[in-house]
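Input: a single structure, listed below in structure tokens.
The values are calculated or read from the model by the stated rules, or taken from the named source; none is laboratory data. Because the structure is a prediction, the values reported are computed rather than measured. Don't worry about glycine lacking a Cβ; one is built from the backbone with ideal geometry, like all the others, and counts go over all protein chains shown. Heads up: the accessible areas ignore ligands, DNA and RNA and are worked out on the full protein's heavy atoms, side chains in. Shrake-Rupley method; radii C 1.70, N 1.55, O 1.52, S 1.80 Å.
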Amino acid sequence: MRFNILTIFPDFFTGPFDHGVLSRAITTGLVEVATHDLRAFTHDRHRTVDDRPFGGGEGMVLKPQPIFECIEAFGADETTTIAPKSTRDTTRQSVILLSAQGRPFTQATAHRLAKMEQVVLICGRYEGVDERVSDLLADEELSIGDYVLSGGELAAAIIVDATVRLIPGVLGHADSNRYESFGVADHQPEDPDDGKTADGVPRSTHGAGGILDYPHYTRPADFRGTPIPDVLAGGDHAAIRHWRRQMALAKTLRNRPDLLARAPLTREDRAYLATLGYRPTS
Ligand code: ADE
């Protein structure tokens, strides 16, 4: 899989991509990340990438021409060609404009992107990007949250990080990302009301699909007078799974109650949440 990032600050990415999982995925060849300096696709002495907005108003707008020419130049190399928008297979290639006006980027988006061959990330700057980039070039416009960044670079780094760790082989253990917070539908129990797995352990304790993760502890067992919960030291794995599920539910109710309305919950989950005062609206 290859990411192509269009930016006026290509050096911005040397830090974020030089550490840990991401750096390993790049050096082992599981993913390629290329940054492209938009100023290299300008034709004037000042290497101008922006201009004043038609109709007046504050700030400057990124011009469409360097962005279009940058992507068209990928065609020089067979492996990186991006098809024209009208014929592009968007299950294999996606051109994404990063902006605060975009659709929310979620774990489900990361899973979808992780299956692609090529993802192009266009980092917006200034007051905006000429709308013809969104209309004629980009397949989607994504936002990483309801706040305004000074540019799309941080958003691009976040999207690359969240996506790359889902590519098979990138994380050491095949299941490392299966049961974490925001796991998407294909990682959730098929029948949440079924209640029990083959070994008799309540299915709901298997992981966090759709809710927040459970709390984690490591050594020492007693840190400054605060011990770890007894159940974790007891060796009863069914009891541990049960406790983790309850803690995950409690934390979700406390920090992200909005997730509970969409999460696949068992009867047992609902009964536990009721003891915490949760009343589903539907
Ligand atoms: N550019 C400015 N704000 C942004 C956001 N929230 N997400 C993605 N790109 C942005």
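On inspection, Thr35 qualifies as closer than 23 Å to Gly151 by Cα, out of contact with any His (no Cβ under 8 Å at 6 or more places or on another chain) and modelled with pLDDT of 95 or more. In this entry, Ser134 passes the filter for residues that are under 22 Å from Pro84 (Cβ atoms), crowded, with 18+ Cβ neighbours inside 10 Å and of a type in the set (S, T, N, Q).
Among the residues of segment 253-282, the one identified as open to solvent by less than 70 Å² (accessible area, probe 1.4 Å), closer than 17 Å to Leu212 by Cβ and either free of Cβ contacts under 8 Å to residues at least 12 places away in the same chain or β-branched (Val, Ile, Thr) (or both) is Thr266.
Residues are listed down the side, and each one gets a yes or a no for (1) assigned by TED's automatic domain parsing to the domain that holds Pro66; (2) open to solvent by less than 50 Å² (accessible area, probe 1.4 Å); (3) touching a Lys or Arg at 6+ places or on another chain (Cβ under 7 Å); (4) within 18 Å of Thr35 (Cβ to Cβ):
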site	(1), (2), (3), (4)
Ala110	yes, yes, no, no
Gln118	yes, yes, yes, yes
Gly128	yes, yes, no, no
Glu140	yes, yes, yes, no
Leu149	yes, no, no, yes
